[in-house]
Amino acid sequence: MDLNFTKEQENFQIEVRSFLSDNLEPQVIEKVKNGIPITKEDSERWHQKLNEKGWLAGTWPKQYGGQEWDVVEKFIFEEECGSAGAPRIVPFGVGMLAPVLMKFGSQEQRDYWLPRMLTGEDWWCQGYSEPGSGSDLASLKTSAVRDGDHYIVNGQKTWTTFAQHANMIFCLVRTSNEGKPQEGISFILIDMNSPGIEVRPIITLDGSHEVNEIFFSEVKVPAKNLVGEENKGWTYAKYLLTHERTGNANVAVSKRKIQKLKKLADDANKNGQPLSNDPMFASRLAQIEIDLQNLEITNLRTLASVENGEAPGAESSIIKILGSEIEQDIDSLTRKSLGKRAFVNEPDALSAGYNGAEVFPKAAAYASGKYFNHRKKSIYAGSNEIQKNIISKLMLNL
Amino acid sequence: MDFKPSPERQILFDTLKKYFENEYSLSDRNIAAHSDLGYSKKAWEAMRDLGILESLIDPELDGFGGTALDISTVFEALGRGLVVEPFLEVGILAAKVLSKGNDVQKSLVKKILKNECLPILAHSETDTEYSKSFVETKLSVEADGSYKISGAKRMLKHVTEATHFLVTCRNTGDASSEEGISIACIPTDREGIKIDSFATIDGGRVSDLTFTNVSISSEELVGELGMSYSIVSHAIDTGILAICSEALGIMERIKELTLEYLKTRKQFGVPIGKFQAIQHRMAQLLVEIEQARSSVINATIYFDDETEREKTISAAKFSIGKIGTLVAEESIQLHGGMGMTWEYDLGHYAKRLVLIDHEFGDEDFHLQKYISL
Ligand SMILES: Cc1cc2nc3c(=O)[nH]c(=O)nc-3n(C[C@H](O)[C@H](O)[C@H](O)COP(=O)(O)OP(=O)(O)OC[C@H]3O[C@@H](n4cnc5c(N)ncnc54)[C@H](O)[C@@H]3O)c2cc1C
């Protein structure tokens with residue numbers, strides 16, 4: 001066992017750190033560190049900075065503009081970004097679709113779509129879920145019927161994150177009703193500006209707009225936008241989901257949030273003493289910290305097995321459950337630490353146009369909002385109950 | 001032994017329940033709750049016409065209720081309706097304080113019932129200090145025998161339309177001492193009061209108040225100089241009983257919504273309530289909610305017992321805090337994405353339920369208080 005970084009890895013870490021300190025905008029760091037949502041423009045400027053450095057898609061092959069980072073380099077990069085308060089790279093294009101195109105797409109698709117992800121010409125969203133198909137994704141109904149060199153798509157997707165920003169969507173569609181439901185699904189790329197597409201916002205309980213419903217009515221999609229083979233989409237979708245879930249440990253982000261929480265607790269008073277000295281609070285905080293330390297090692301163990309060539313299997317379900325629950329625990333304790341101030345919900349308090357009363361501490365502007373919004377973490381990317389079903393089946397053979 | 005409410009209270013509860021189901025639409029409520037005022041004046045007036053305020057107030061002050069059982073019954077119904085109008089702030093906190101005052105102050109309670117005034121208790125200070133005796137706002141005695149108040153009050157709900165503030169302040173003793181606390185009842189337009197307001201996550205607006213050398217006369221004190229802790233303490237305990245009961249109503253409604261969803265939402269060809277993993281989670285919620293109800297009944301029974309009141313109140317607030325958060329989180333989870341939406345009722349109930357833990361002391365605070373008593 002050797003958990004130390006090599007000399008090269010240490011140098012890489014230093015390089016990442018100095019890049020971040022030279023390039024992150026203070027106003028964006030402030031939003032991220034206080035848990036306040038960033039804008040589309042904030043994300044785009046950050047993506048562009050990373051792309052100039054060649055780090056927007058560090059794990060990609062060099063021929064497509066990546067660095068061929070191994071899991072340790074990827075880990076170092078994410079760790080540093082997390083602790084510096086960098087915005088999360090929007091995952092739908094570079095993190096989700098790209099691996100699918102590289103493994104299952106045509107050369108033409110790779111050459112066309114991958115560079116556009118890096119330049120930001122395309123903003124992707126993920127069209128899997130439907131009103132009747134959430135956990136039971138394979139029951140999806142949105143249909144694509146071949147008509148010459150096009151498919152005609154009809155149906156509805158829902159919960160689509162950032163569809164309001166996106167110009168492209170990758171969708172699972174039904175191309176056959178024969179055999180098992182999984183065997184009639186295809187993976188297709190659709191231009192959001194096509195005639196017949198309507199996007200309607202879904203406002204979440206915290207009042208924010210990040211998810212949408214999308215209606216498809218007689219939408220014409222070029223047949224060349226089909227990824228891989230017709231009716232093989234389920235395999236590609238599962239491959240993508242495994243990638244989505246391993247990215248869910250969020251150790252670095254959780255560490256940063258714990259630091260912030262400690263600061264809040266030092267500055268708050270309970271019984272005339274800093275809240276951090278309160279035994280009940282200290283005990284809650286310590287338990288989360290220990291859980292997170294354990295997750296860090298659990299996550300590294302998974303990464304190490306991936307490095308040794310094993311595909312992430314049901315282990316990614318362990319990471320998904322723990323990563324989401326620990327982050328939710330931190331959000332919950334952050335809300336608690338604010339006491340009565342947790343009633344406040346002014347998510348725009350750090351934006352330029354805000355003219356209300358100053359929110360102090362700044363993290364109170366959206367702490368409860370964030371806590372409620374992050375209940376989604378145990379629901380999306382395969383709910384935690386579904387992860388447990390996967391573990392029961394694949395690891396326990398029950 | 002009989003745990004059933006009296007027939008009159010049962011009728012009151014059923015009347016209110018029906019009224020909220022038929023007349024108090026949650027979508028209108030949500031618009032009002034997140035408006036600049038934070039509630040609906042129209043709904044406030046309509047509900048006053050039902051006699052809700054009277055049922056919270058003693059007969060000698062023109063009400064027809066005011067006992068612990070009355071309050072608990074009414075607030076459970078208000079919880080079911082997710083009512084955001086200021087019944088707690090005005091009908092409980094302010095009315096309980098004013099009922100201990102001089103004749104002028106007592107007459108304000110009668111005016112509350114006639115919708116002629118809207119007094120608000122301005123007590124809470126530092127965000128994370130939940131102790132009932134925590135008061136740093138200073139009361140200084142001037143040469144002519146009048147007083148001045150300086151200090152800050154935090155996170156007060158429903159201040160926008162208030163006519164009077166009932167400001168707790170101290171002239172002696174350290175920040176948490178029960179001795180030295182006074183209450184001043186002053187009109188809200190008195191010089192030297194600054195108000196900063198914020199939108200909230202669960203509806204209604206909250207405000208921070210700053211008092212700078214605000215003049216008051218000796219007739220404006222509620223109770224005797226420096227001797228008013230017991231008045232505040234009793235009012236807040238009543239407030240705790242009220243919001244614990246509100247939480248019960250919310251939890252019952254959440255239980256209904258979730259159960260209905262588990263029976264109708266289908267995945268993998270069956271209602272999700274057919275999955276045993278889900279059944280056990282829902283069964284656990286039922287078990288916990290029964291415990292929560294018992295804690296509130298216990299606090300209601302002992303409410304007028306001076307030696308037991310605080311301990312049973314802390315036990316109830318601890319139970320409600322712990323169970324309420326669990327119920328809110330689990331019910332959202334069991335709904336999947338649907339539980340996350342603004343459109344659907346559940347999330348709004350869940351938000352209020354969680355935020356109840358941030359009012360008058362959270363579960364940790366009350367567990368520690370329980371240990372200390
Ligand atoms: C904020 C947010 C963003 C999202 N973004 C996207 C996106 O960009 N693209 C996209 O395609 N989707 C997205 N989703 C959808 C997400 O993937 C689904 O919500 C998720 O798969 C759950 O489906 P559902 O909401 O239909 O819940 P359901 O499947 O109806 O589940 C309801 C409850 O039943 C449980 N359950 C279901 N089946 C079982 C079982 N067999 N055993 C035990 N328990 C079970 C679930 O765990 C859950 O608790 C998003 C969701 C949210 C909330």
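Readers should treat all values here as calculations from the given coordinates under stated rules, not as data from a laboratory. Predicted model only: the values in this text are computed from it and were never measured. Virtual Cβ from ideal backbone geometry, glycine too; neighbours counted across all protein chains shown.
Ranked for footprinting exposure by Cβ neighbours inside 10 Å, fewest first, A:LYS238, B:LYS369 give A:LYS238, B:LYS369.
Taking Lys and Arg as +1 and Asp and Glu as -1, the other residues whose beta-carbon sits under 11 Å from that of A:GLU296 total -1. A simple charge model with +1 on the Cβ of Lys and Arg, -1 on the Cβ of Asp and Glu and nothing else charged puts the dipole of segment A:7-89 at about 200 debye relative to its Cα centre. Label zone of A:LYS74 (point 7 Å out along Cα→Cβ, amide N under 20 Å): in segment A:371-398 this covers A:381-382. Residues of segment A:266-303 with an amide N closer than 17 Å to a point placed 7 Å from the Cα of A:PHE360 along the Cα-to-Cβ direction: A:266-269. Straight-line reach from A:LYS103: which lysines have a Cα under 18 Å away, not including same-chain ones fewer than 8 places off? Those lysines meeting the cut-off are A:LYS62, A:LYS224, A:LYS232, A:LYS238. The stretch between A:ASN167 and A:PHE215, if pulled fully straight at 0.36 nm per residue, gains 15.8 nm over its current Cα-Cα span.
Counting charges near B:ASP196 (Lys, Arg +1; Asp, Glu -1) among other residues having Cβ under 12 Å from its Cβ returns a value of +1. When all alpha carbon pairs of chain B are counted in 10 Å bins from zero, the resulting P(r) reads 5, 24, 33, 24, 10, 3, 1, 0, 0 %.
Model label points for B:LYS110 and B:MET227, set 7 angstrom from Cα along the Cα-to-Cβ axis, are 2.5 nm apart. Computed on chain B, with alpha-carbon pairs under 8 angstrom and 6+ residues apart, the relative contact order is 16 percent. Cross-link partners for A:LYS270 among the aspartates and glutamates, with Cα-Cα distance under 13 Å and sequence neighbours closer than 8 places in the same chain left out: A:ASP278, B:GLU125, B:ASP127, B:GLU129, B:ASP362, B:ASP364.
Given contacts defined as C-alpha pairs under 8 Å and at least six residues apart, what's the relative contact order of segment A:7-89, whole-number percent?
Dividing the mean separation by the residue count of segment A:7-89 yields 36 percent.
On C-alpha positions alone, give me the angle between the axis of helix B:345-356 and the longest principal axis of chain B, in degrees, nearest 10. Tilt relative to chain B: about 40 degrees. Applying 1/(1 + (r/R0)^6) with r as the Cβ-Cβ distance of A:LYS62 and A:SER21 and R0 = 30 angstrom yields a FRET efficiency of 0.70. Axis angle, to the nearest 10 degrees, between helix A:40-53 and the longest C-alpha principal axis of chain A: 80 degrees. Counting neighbouring beta carbons within 10 Å and listing from fewest to most, the residues B:ILE371, A:ILE152, A:ILE379 come out as B:ILE371, A:ILE152, A:ILE379. Using Cβ point charges alone (K and R +1, D and E -1), the dipole size of chain A about the Cα centre works out to roughly 920 debye.
Between the Cα long axis of helix A:233-246 and the first principal axis of chain A there is an angle of about 10°, rounded to the nearest 10.
Of the residues A:LEU295, B:PRO187, B:LEU69, the one whose Cα sits farthest towards the positive end of the charge dipole of the protein assembly as shown is A:LEU295 (charges of +1 on Lys and Arg Cβ, -1 on Asp and Glu Cβ, taken about the Cα centre). Here segment A:46-72 is scanned for amide nitrogen atoms under 14 Å from the site 7 Å beyond the Cα of A:THR6 along Cα-to-Cβ, giving A:69-72.
For the residue pairs A:LYS255/A:LYS340; B:LYS42/B:LYS106; A:LYS257/B:LYS369; B:LYS132/B:LYS351; B:LYS110/B:LYS153; A:LYS340/A:LYS370, the alpha carbons lie more than 19 Å apart in A:LYS255/A:LYS340; B:LYS42/B:LYS106; A:LYS257/B:LYS369; B:LYS132/B:LYS351; B:LYS110/B:LYS153. Using the Cβ-Cβ distance between A:GLU121 and B:TYR19 with R0 = 51 Å, the FRET efficiency computed as 1/(1 + (r/R0)^6) comes to roughly 0.35. Treating r as the C-beta distance of A:ASN294 and A:ARG200 and R0 as 60 Å, the FRET efficiency rounds to 0.90.
Its Cα centre serving as origin, the protein assembly as shown has a Cβ charge dipole (Lys and Arg +1, Asp and Glu -1) of approximately 1380 debye. Scan segment A:13-72 for GluC sites (Glu not before Pro) in coil per DSSP, keeping those whose Cβ has at most 16 other Cβ atoms within 10 Å, and list them by number. Filter output for segment A:13-72: A:GLU68.
Along the axis of the charge dipole computed for chain B (Cβ charges of +1 for Lys and Arg, -1 for Asp and Glu, origin at the Cα centre), the listed residues B:GLN284, B:ILE57, B:THR172 are led at the positive end by B:GLN284. Relative contact order, whole percent, for segment A:1-139 stands at 23, derived from Cα pairs under 8 Å and 6 or more residues apart. If the elastic network links every pair of Cα atoms under 10 Å, which of A:LYS224, A:LYS180, A:LYS388 fluctuates the most in the Gaussian network model of chain A? Largest GNM mean-square fluctuation: A:LYS180. Among the GluC sites (Glu not before Pro) within segment B:219-323, those in coil by DSSP and having at most 10 neighbouring Cβ atoms inside 10 Å are B:GLU224, B:GLU306.
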